[in-house]
Amino acid sequence: MATLPGVVYEIDRRSDVPSYQQLAAMLREDIEAGRIAPDAQLPSLTRLVQETGLDVKTVRKAISVLTDEGLAYVVPGRGTFAGPR
């Protein structure tokens, strides 16, 4: 995986910002800053669920936000990838 090793996405459960939006914002920042290269695989749903403690539906919603924005795309059976620049 081409993402930064050791990067952990932490959700602030006391925030007024919904969890899926927090996660989408963190991933968006990594994509836009180039820490996740174009066409590089994003962390897996399993990893994000384990790291954040979020429900898989919540993680999928965050990924959906990124795909709707054109910042990521999903390859069925392979994972989610950063969109090309």
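No lab work stands behind these numbers, since they all come straight from the coordinates. Values in this document were obtained by computation on a predicted structure and should not be read as measured data. No Cβ is skipped: glycine too gets one built from the backbone with ideal geometry, and neighbour counts run over all protein chains shown.
Overall, the chain carries a charge dipole of about 220 debye about its Cα centre when +1 sits on the Cβ of Lys and Arg and -1 on the Cβ of Asp and Glu, all other atoms neutral.
For the pair Arg47 and Gln21, label points projected 7 Å from Cα toward Cβ lie 2.7 nm apart.
Write down the Kirkwood hydrodynamic radius of the stretch 19-82, to one decimal in angstroms, obtained as one divided by the mean of 1/r over all alpha carbon pairs. Please list the in-between numbers first.
Numbers: mean 1/r = 0.0872 Å⁻¹.
So the Kirkwood estimate lands at 11.5 Å.
Short-range pairs are left out: with C-alpha atoms under 8 Å and at least six residues apart, the relative contact order of the chain is 33 percent.
Residue separation times 0.36 nm, minus the C-alpha to C-alpha distance between Arg35 and Arg13: what's the value? Walk me through the intermediate numbers first.
Numbers: separation 22, 0.36 × 22 = 7.92 nm, distance 2.50 nm.
That pair, Arg35 and Arg13, stretches by 5.4 nm at full extension.
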